[in-house]
Amino acid sequence: MRKFKNCLSLLLAFAIVISAAVFISPTKALAVDYNSLKVHNAIQVEMTLKTTPGSGAHAKLVIGTETAAVSFGIQYDTACGQAEYRGVPAFMFENVTSNSQSYSWVSAAARDKTFVVKLCYNKKGYVWAYVDGQLMGGVHNPELKKKAVTMRCEGAVRVAGDKVNATFANIIPYWFKNPEKSEHGGWAYNTICGGVFGKNKNAPKVKDIGYGVRIKGTAHFDGDWDSNPEKASSLIQVY
């Protein structure tokens with residue numbers, strides 16, 4: 001009987017170890033080494049968000065489709081959901097799917113300072129960012145998996161009456177077929193204001209500054225940049 005109990009104890013201990021392995025291993029497997037991922041698309045800019053009056057403004061890079069996207073950049077927001085970044089400029093990710101929207105604040109940023117920001121996309125649905133060559137982290141969006149994505153620069157105000165002054169200089173796109181960065185002049189863009197191609201007097205103005213753009217001004221709309229993002233922002237789309 002004693003031998004049987006000893007064997008039973010060993011079996012139970014072995015079962016616990018196996019169970020732990022089953023539950024722990026997948027967690028470790030979820031860790032992503034973004035530096036090792038293949039870059040299928042990327043966009044790099046010299047980004048500056050100027051100090052402006054109002055409750056919020058942002059300058060961001062966006063990679064996505066019509067129904068899903070990931071953005072990263074500098075956001076100033078007095079109504080920010082994360083207390084330590086409320087009312088101060090911060091680098092943040094926004095991850096949008098067809099039925100959800102989430103935010104990840106990663107570090108303090110600064111207004112009136114230029115940063116080299118690069119946003120990268122991998123066809124497994126991973127999007128990650130670098131600031132001045134330093135990896136800032138990334139997110140996963142399953143709706144971007146194996147999609148033909150677009151790359152954009154966006155400036156926005158939080159609510160009507162707020163002002164934005166965002167500069168995206170030396171815009172450089174990267175493409176999977178040509179992993180090296182494209183030469184200046186090898187890209188073109190269409191202006192999209194308030195979700196509409198072409199000029200929109202109710203959106204911040206887009207000005208070509210040579211190898212880049214400035215998005216400046218205010219917007220007239222109802223709600224805020226979460227409930228009415230197309231009307232709160234102006235952007236360019238890089239081809």
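For the range 72-84, indicate whether the set of residues that are more than 15 Å from the chain's Cα centre (by Cα), crowded, with 19+ Cβ neighbours inside 10 Å and modelled with pLDDT under 95 is non-empty.
yes
Evaluate the range 193-206: report whether one residue or more is in a strand (DSSP E or B), buried (at least 19 other Cβ atoms within 10 Å of the Cβ) and modelled with pLDDT under 75.
yes
Suppose the filter is of a type outside the set (Asp, Glu), within 28 Å of Trp175 (Cα to Cα) and in a loop (DSSP other than H, G, I, E, B); does Thr67 pass it?
Judged against the criteria, Thr67 is a match.
Answer yes or no: is there a residue in the range 76-89 that is under 24 Å from Val238 (Cα atoms) and touching a residue at least 24 places away in the same chain (Cβ under 8 Å).
Looking for residues that are under 24 Å from Val238 (Cα atoms) and touching a residue at least 24 places away in the same chain (Cβ under 8 Å), one finds none in the range 76-89, hence no.
Look through Ala166, Ala110 and report the one residue that is at pLDDT 95 or above, closer than 19 Å to Met47 by Cα and outside any loop (DSSP other than H, G, I, E, B).
Ala166
Are any of the residues in the range 119-133 over 11 Å from the mean Cα position of the chain (by Cα), in a strand (DSSP E or B), polar (S, T, N, Q) and at pLDDT 95 or above?
Within the range 119-133, one or more residues are over 11 Å from the mean Cα position of the chain (by Cα), in a strand (DSSP E or B), polar (S, T, N, Q) and at pLDDT 95 or above.
What residue, of Ala156, Ala160, Ala108, Ala169, is among the aliphatic types (A, V, I, L, M), in the same structural domain as Gly56 (by TED's automatic domain parsing), more than 23 Å from Gly81 (Cβ to Cβ) and out of contact with any Cys (no Cβ under 7 Å at 6 or more places or on another chain)?
Ala169
The values are calculated or read from the model by the stated rules, or taken from the named source; none is laboratory data. All of these numbers come straight from a predicted model, not from anything done at the bench. Don't worry about glycine lacking a Cβ; one is built from the backbone with ideal geometry, like all the others, and counts go over all protein chains shown.
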